[in-house]
Amino acid sequence: MNLFDIIKIKKIPNLTWSSSNPLNFKPNLKTLIYLVLGLSLFAIGETLLITANQGVSPWTVLAQGISFQTNLSIGITTFIVSLVVLILWYPLKQKPGLGTILNIVLISIIIDLSTPVLPYPKSFLFQIIQSIVAVFLVGLGSGFYLTANLGPGPRDGLMTGLQNLTNQPIALIRTIIEVSAVGLGFYLGGIVGIGTLLFAFGIGPSVSIGIFIVMKFFK
């Protein structure tokens, strides 16, 4: 399978350790381990993007924009955005699961714990390299926790719901979602940087590559 074929991946794989039911709140240990691993990689990737200081992810840009317009804290606006995204699940027939809950809780905790200890590069070149690594880690983490099939995070549930509805490649759907979020966030006053653009245009292919790596090496 070449890179072009990988980017065209349309379905989340069902591996030996994948949960048979996304509403399974008592998964086996291997499934839970891979779920936590995926969420941890996702959170570290998000934090590396923050500490690279070249622009945050599109959804954080959106939360910033809403915060600037409403004078609410970015924590509250992030929660509001997540709630709105979850509401959008209903017409797409998506259901939250253990992975959805852990996504909201675990990622927040890891970001708080890792922000003080991860590198803050001063060189522009290393900031860009760190941003690229960050996007890759978010994609790889997504590959693990989506394959666990214990319920995606709010934004990933939107992605998989739209993919099921349209039957378009995951990379294309994710890119459209991220570009839309950053566009609206920028319009509302959110701060956009090179890292934001790298994430917006790179996360779709990164998720597809992450899914391929999980299928290939973690059967």
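Things worth noting here:
- Expected 222 nm ellipticity per residue - DSSP helices of 4 or more, -39500 (n - 2.57), all of the chain, to 500: -24000 deg cm²/dmol
- Phi angles of region 185-198 translate, via the Karplus equation with coefficients 6.51, -1.76, 1.60 and θ = phi - 60°, into HN-Hα couplings of x, 5, 4, 7, x, x, 8, 10, x, 4, x, 4, 5, 4 Hz per residue; Gly and Pro are given as x.
- Karplus-based coupling profile of region 50-55, in residue order and whole Hz: 5, 6, 5, 6, 10, x, with θ = phi - 60° in 6.51 cos²θ - 1.76 cosθ + 1.60 and x standing for Gly or Pro.
- Counted residue by residue at 0.36 nm each, then reduced by the alpha carbon distance between them, the extension gain from residue 28 to residue 126 reaches 31.3 nm.
- With the simple spin-label model, which puts each label point 7 Å out from Cα in the Cβ direction, the residue 74 to residue 187 separation comes to 2.2 nm.
- Additional length obtainable on full extension of the chain from residue 3 to residue 88, 0.36 nm per residue less Cα span: 27.4 nm
- Entries of 11/216; 26/219; 8/122; 8/30; 122/216 with Cα pairs more than 26 Å apart: 8/122; 8/30; 122/216
- Per-residue 3J(HN,Hα) values for region 20-37, derived from phi via the Karplus relation 6.51 cos²θ - 1.76 cosθ + 1.60 with θ = phi - 60°, read 6, 9, x, 9, 6, 9, 9, x, 6, 4, 4, 4, 5, 4, 5, 4, 5, 4 Hz in sequence order (x marks Gly and Pro).
- Its convex hull of Cα atoms gives the chain a direction-averaged projected area, equal to a quarter of the hull surface, of 11.8 nm².
Each value in this text was obtained by applying a stated rule to the coordinates, not by laboratory testing. Quick caveat, the model's predicted, so the values are computed rather than measured. Note: ideal-geometry Cβ built from the backbone for every residue, glycine included; neighbour counts use all protein chains shown.
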